[in-house]
Amino acid sequence: MEFKALETFIWISRLGSFRAAAERLNTTQPSVSSRIAALERELGTRVFDRSGRRATLTRKGRDLLRYADRLLALRNEILTAVADPAAVQGTVVLGVVETIAHTWLPKLIERVAQTYPAISLELDIDISVNLRERLVACELDAAFLMGPISRPEIVNLPLSNFPLSWLASPKRGLAGRTLTLDELGRVPIITFPRHSRPHMDLEALFHGTNVRPRIHSSSSLATIVRMAVDGIGVCALPVDIVRSELQRGELCVLESPVLLPDLYFTASFPADSDSFLVHAMCDLAVAVAKEFDSHK
C-alpha cells in the first residue's frame, strides 16, 4: 500500500471529486483514478461511491480514512525525527500577501533553499480575502495573510505585525503639519480593497462622525504606492514596504494622532494537514518573521 495512494484517497475525500484531487496534486485524473483503483483492488472493497455528482466515502472508506490520517501523521513524525532535510522532496503551494512578499519573503525563500534544497515552492501572491477562501477550499497548502482565520479547521501561527503610518507625496503639501481626523477626511485616502481588514478599519475610523472621506481602493499594493507617489491622496501603509520611496523623497511620513490598527499576519494552514513540508515551511516562516521584526 503506497503513501501516494493514501494521500490521493484523502484529497478526494476532502475535495469531493477525482478531478479536483488531480488538480490539487498536480497530476492527471486518469492517474488519480489508477491509484484509487489499485488501492481498492488491494483492499478488495470500494472506498468511494461514484454514483452521484460527488465522490462520497463508503462505509469501508470512512474506516480507511481514520487509518490513512494516522499513517500519514506517523510518516510526518518519522520525517521530522529521522529524515535528512536535504533529502526531503515535494512542492508546497503557498499563498502570500504582497506586504510579506515585499518584505521578508525573499529571505524565507533563501532559507528554504538552504534547509530543504529539494523542496519546490509554488507561490500565489494575492489579497488576504482571496487567500482565505482558497485555503478553506483546500486549494492552498498554507497562506501567509492578514489573520487569524477564525475557523476550527484552520491553525494560525503568529507572524509579523506591521504598524501603519500615514504617507503622502510631498507635493500634497501636508508635511510638517499634525493632521486631525477632520483634515485627513478632506483628502482622498488610498487603501486596500473593500472587505479587507484595513479598509474596514478605515471606515470604522470615520463611523459616527460627520466626515465622509473619499476612499480609493486597490487590490495591488504597488498600485496603492504609485497612486500615493503621484499625489492622488494619502495612504496608510507599513514604512517597511516604502523605504525606497521615502529615501528618494517620493513619499513622506505624515504626523497625526489618528492611528489605525497594525496589520497582523499569520501562517495559516488546515489543522488536519499531514504534510511535513507544510509544517516545516510554516515553522521557517515564523523564525524568519521574528528575525525581521527584531531588526526593524
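Any read-out appearing in this document is the output of simple, stated calculations on the displayed coordinates, not a laboratory observation. Keep in mind that this is a model prediction, so the values were computed, not measured. Cβ sites come from the backbone with ideal geometry, for glycine too, and all protein chains shown count toward neighbours.
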Label corresponding to Cα Rg over 2.2 N^0.38 Å when calculated from the structure given, among (1) 1.01; (2) 0.92; (3) 1.23:
(3)
Once you have the Cα-Cα distance between LEU259 and ALA101, take 0.36 nm times their residue separation minus that, and quote the gain in nm to one decimal.
54.4 nm
DSSP loop trypsin sites (Lys or Arg not before Pro) in the range 1-110 with at most 15 other Cβ atoms within 10 Å of their Cβ, which ones?
ARG46, ARG50, ARG53, ARG54
Based only on the alpha carbon positions, what is the Kirkwood hydrodynamic radius of the range 165-261, in angstrom?
13.3
Based on alpha-carbon atoms only, what is the radius of gyration of the range 116-171 relative to the globular estimate 2.2 N^0.38 Å?
1.50
What translational diffusion coefficient, in µm²/s and rounded to a whole number, does the Stokes-Einstein relation yield for the range 3-81 at 10 °C and a viscosity of 1.306 mPa s, taking the hydrodynamic radius as the Kirkwood radius over Cα pairs?
125
Using a Förster radius of 41 Å, what is the FRET efficiency between ILE215 and ASN161 based on their Cβ-Cβ separation? Nearest 0.05, please.
0.95
Subtracting the Cα-Cα distance of GLU23 and ALA204 from 0.36 nm times their residue separation yields 61.1 nm
For the chain, modelled as a Gaussian network with Cα springs under 10 Å, which listed residue fluctuates most, SER268, SER160, SER51?
SER51
How high is the relative contact order of the chain, in percent, with contacts defined as C-alpha pairs under 8 Å that are six or more residues apart?
22
Which net charge results when you count Lys and Arg as +1 and Asp and Glu as -1 among the other residues whose beta-carbon is under 13 Å from that of THR45?
+1
Counting each pair of different Cα atoms once, what's the Kirkwood radius of the range 1-138 in Å, rounded to one decimal?
17.0
Once amide H atoms are placed 1.01 Å from N in the peptide plane, what residues at a sequence separation of 5 or more from GLU255, or on another chain, have their amide H within under 5 Å of its amide H?
GLY176, ARG177, LEU179
Using only DSSP helix segments of four residues or longer, with each worth -39500 (n - 2.57), what per-residue ellipticity at 222 nm results for the chain after dividing by its residue count and rounding to 500?
-13000 deg cm²/dmol
What is the Cα convex hull volume of the range 98-230 when expressed per residue in Å³?
144
Of the GluC sites (Glu not before Pro) in the range 96-166, which ones lie in a loop per DSSP and count no more than 15 other C-beta atoms within 10 Å?
GLU153
Centre separation in Å (Cα based) which lies between the range 248-296 and the range 102-130
13
Among the GluC sites (Glu not before Pro) within the range 1-82, which fall in a DSSP loop and have no more than 13 other Cβ atoms within 10 Å of their own Cβ?
GLU2
Once the other residues with Cβ under 13 Å from the Cβ of THR191 are scored (Lys, Arg +1; Asp, Glu -1), what is the net sum?
+1
Suppose the chain between GLU291 and THR178 were pulled fully straight at 0.36 nm per residue; how much longer would it get relative to their current alpha carbon spacing?
37.4 nm
